[in-house]
Amino acid sequence: MIAGPSVQICDECVDICLDIVSEDRKDARSTEESADGNGDRATPTLTVCSLCHLPTTDEQGTYVTNRGILCPGCVGEIEVALARRGDESV
């Protein structure tokens, strides 16, 4: 569930949106590759963050063994939370 001050979005709707975004990006990549004739270039693989379920690329994400990929935003939030926890224990 994604919740904000005046909105809530259920996990099912988030998954549907991720599918749409993923398909749009695949279509855009196919169009770009056919337009420039460079269909053999490597494109980043789009995946979903294991924590927030937002799309990220394998190149941008951080792989955590037995947990999956974390997006840069979640990695940053985890670092902040760990720093706060460390400050509280002093």
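Taking the options Cys17, Cys13, Cys74, name whichever one is outside any loop (DSSP other than H, G, I, E, B) and modelled with pLDDT of 85 or more. Spell out how you get there, then give the answer.
Numbers: Cys17 fails: modelled with pLDDT of 85 or more; Cys13 fails: modelled with pLDDT of 85 or more.
Result: Cys74 is the single residue among Cys17, Cys13, Cys74 that is outside any loop (DSSP other than H, G, I, E, B) and modelled with pLDDT of 85 or more.
Exactly one condition in (1) among the hydroxyl-bearing types (Ser, Thr, Tyr); (2) assigned to a loop (DSSP other than H, G, I, E, B); (3) modelled with pLDDT under 80 is not met by Ser34; state its number.
Only one criterion is unmet by Ser34, namely (2).
The values are calculated or read from the model by the stated rules, or taken from the named source; none is laboratory data. Only a predicted model underlies this, so the values are computations on that prediction, with no experimental measurement involved.
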